[in-house]
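Novice: Next up is a structure, given as structure tokens.
The values are calculated or read from the model by the stated rules, or taken from the named source; none is laboratory data. None of these values were measured; they are calculated from a predicted model. We place every Cβ from the backbone using ideal geometry, glycine too, and count neighbours over all the protein chains shown.
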């Protein structure tokens, strides 16, 4: 396949991120809202693993800036966290690819937890408050959801012929 992306392939990747953002912003009842997975982070990790030469720290930074604007958070907070997540994922891509799916789930959960920890630290420094540890509840959802999301996104990638 040619080394450049077609417009439809780019649109497919952007669409997956847009769906992730919509799932993140969709209202949920408070009782299950605290378990909301970090859809955007999961999708970012997938694309960093699948096409590491195309989706990386720069893409993650831009995506994070979009999330900062949507969340109304401190400018650069999400961008820094997503860039860190992309960097770590790219750093360990070859190892993560060979893990069985359940080990990959745990590793992805840890990577996303590290980026979430960075956000907690930034928030506590800026707001001068102690971190709220209930913000870490989605980590379990990220680990559980990864194998299913991986399978869906792999099929999307195959149908769009993204390599």
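Novice: Return yes or no: is residue 52 surrounded by 14 or more Cβ atoms within 10 Å (Cβ to Cβ), over 11 Å from the mean Cα position of the chain (by Cα) and part of a loop (DSSP other than H, G, I, E, B)? Before the answer, list the steps.
Specialist: On the way: surrounded by 14 or more Cβ atoms within 10 Å (Cβ to Cβ): yes; over 11 Å from the mean Cα position of the chain (by Cα): yes; part of a loop (DSSP other than H, G, I, E, B): yes.
Taking the combined requirement at face value, the residue satisfies it.
Novice: For segment 133-147, give me each residue that is closer than 25 Å to residue 51 by Cβ and exposed (fewer than 12 other Cβ atoms within 10 Å of the Cβ).
Specialist: None; the set is empty.
Novice: Still on this structure, please answer the following. Name the one entry in 40, 57, 98 that is surrounded by fewer than 22 Cβ atoms within 10 Å (Cβ to Cβ) and under 16 Å from the mean Cα position of the chain (by Cα). So that I can check it myself, show each step before the final result.
Specialist: Details: 40 fails: surrounded by fewer than 22 Cβ atoms within 10 Å (Cβ to Cβ); 98 fails: under 16 Å from the mean Cα position of the chain (by Cα).
Selected residue: 57, the only one of 40, 57, 98 that is surrounded by fewer than 22 Cβ atoms within 10 Å (Cβ to Cβ) and under 16 Å from the mean Cα position of the chain (by Cα).
Novice: Right, here's the next one. Looking at 108, 122, which one is surrounded by 15 or more Cβ atoms within 10 Å (Cβ to Cβ), closer than 20 Å to residue 83 by Cα, modelled with pLDDT under 90 and out of contact with any strand residue (DSSP E or B) (no Cβ under 9 Å at 6 or more places or on another chain)? It would help to see each step written out before you state the result.
Specialist: On the way: 108 fails: modelled with pLDDT under 90.
Result: 122 is the single residue among 108, 122 that is surrounded by 15 or more Cβ atoms within 10 Å (Cβ to Cβ), closer than 20 Å to residue 83 by Cα, modelled with pLDDT under 90 and out of contact with any strand residue (DSSP E or B) (no Cβ under 9 Å at 6 or more places or on another chain).
Novice: Are any residues in segment 21-35 under 18 Å from the mean Cα position of the chain (by Cα) and either modelled with pLDDT under 95 or within 20 Å of residue 136 (Cβ to Cβ) (or both), and if so, which ones? Outline the logic, then answer.
Specialist: Taking segment 21-35 first, the residues under 18 Å from the mean Cα position of the chain (by Cα) are 21-26, 33-35.
Within segment 21-35, 23, 24, 25, 26, 33, 34, 35 qualify.
Novice: Here is a list of conditions, (1) crowded, with 19+ Cβ neighbours inside 10 Å; (2) in contact (Cβ under 8 Å) with a residue 40 or more places away in the chain, and residue 83 meets all of them except one; can you say which number that is?
Specialist: The one condition residue 83 does not meet is (2).
Novice: I need the helices (runs of 4 or more DSSP H) fully contained in segment 90-163, keeping only those with at least 3 residues that are under 15 Å from residue 36 (Cβ atoms) and either touching a residue at least 60 places away in the same chain (Cβ under 8 Å) or in contact with a helix residue (DSSP H, G or I) (Cβ under 8 Å, 6 or more places away or on another chain) (or both). Write out each step before concluding.
Specialist: Working: elements: 93-98, 101-127, 138-159.
Answer list for segment 90-163: 101-127, 138-159.
Novice: How many residues does segment 6-37 contain that are assigned to a loop (DSSP other than H, G, I, E, B) and either surrounded by fewer than 17 Cβ atoms within 10 Å (Cβ to Cβ) or in contact with a strand residue (DSSP E or B) (Cβ under 6 Å, 6 or more places away or on another chain) (or both)?
Specialist: Step one: filter segment 6-37 for residues assigned to a loop (DSSP other than H, G, I, E, B), giving 6, 26-29, 34-37.
Still in the list and also either surrounded by fewer than 17 Cβ atoms within 10 Å (Cβ to Cβ) or in contact with a strand residue (DSSP E or B) (Cβ under 6 Å, 6 or more places away or on another chain) (or both): 6, 26-29, 34-36.
Residues in segment 6-37 being assigned to a loop (DSSP other than H, G, I, E, B) and either surrounded by fewer than 17 Cβ atoms within 10 Å (Cβ to Cβ) or in contact with a strand residue (DSSP E or B) (Cβ under 6 Å, 6 or more places away or on another chain) (or both): 8 in total.
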